[in-house]
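What follows is a short report on a single structure.
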Amino acid sequence: MKFLIDNWMLIAIALASGGMLVWPMISSGLNAGALSASGAVQLINREKAVVVDVREADEYAAGHVSGAKHLPLSELEAKLPGLVKNKALPLILVCASGARASRAVAIAQKLGYAQAQSLGGGLKAWKDANLPVEKA
């Protein structure tokens with residue numbers, strides 16, 4: 001016990017540095033179901049994945065993934081089956097940061113789109129990877 005009391009600062013530094021080493025693994029686990037920008041490009045090119053932007057109309061008009069179809073999150077459940085008829089195709093859902101797209105994945109999977117994934121980091125990650133963006 002005397003050792004712990006005498007060396008409390010060294011123990012605190014050791015715990016803090018251990019926490020900093022573990023943090024990247026924990027934080028990457030939070031986006032476990034999310035797809036990277038390069039992974040999305042591979043799905044689009046190899047498997048003809050369909051990209052659906054779930055942001056609002058004004059956000060979509062300001063800039064979106066090239067070739068993305070627009071379907072706001074509020075209308076997703078009602079209109080997705082009419083927009084993407086083939087449920088076997090991979091589905092990539094995009095929003096500004098990834099939060100709405102994660103909710104959209106749950107809705108799409110409930111509708112039977114087993115290969116639905118969200119773009120991790122959203123349109124921001126797409127732009128950061130210097131990938132093409134269209135404006136409506």
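General remarks:
- Only helical runs count toward this figure. For the chain, summing -39,500 (n - 2.57) over DSSP H runs of n ≥ 4 and dividing by all residues gives -15500 deg cm²/dmol at 222 nm.
- Count Lys and Arg as plus one, Asp and Glu as minus one, and take only other residues whose Cβ is under 14 Å from that of LYS135; the net charge is then -2.
- Neighbours of ALA49 by Cβ distance under 15 Å: Lys/Arg scored +1, Asp/Glu scored -1, total +3.
- Computed about its Cα centre, the charge dipole of the stretch 34-134 is approximately 340 debye, with only Lys, Arg, Asp and Glu carrying charge at their Cβ.
- Among ILE11, ILE5, ILE44, ILE92, a tally of other beta-carbon atoms within 10 Å of each Cβ gives an order, fewest to most, of ILE5, ILE11, ILE44, ILE92.
- Entry note, the chain: relative contact order of 27 percent, from Cα contacts under 8 Å with a spacing of 6+ residues.
- Stretching the chain fully between ALA136 and GLN42 yields a gain of 31.4 nm (0.36 nm per residue, less the alpha carbon separation).
- Exposure here means at most 14 other Cβ atoms within 10 Å; with trypsin sites (Lys or Arg not before Pro) in a DSSP loop as sites, the longest stretch of the chain lacking them is 86-134.
- Gyration tensor (Cα) of the stretch 1-126, equivalent ellipsoid semi-axes in angstrom: 41, 14, 14
Read the figures in this text as sums done on the coordinates, not as results from a lab. What you are looking at is a predicted structure, and each value in this text was computed from that prediction instead of being measured. Methodologically, a virtual Cβ is constructed for each residue, glycine included, from the backbone with ideal geometry; neighbour enumeration extends over all protein chains shown.
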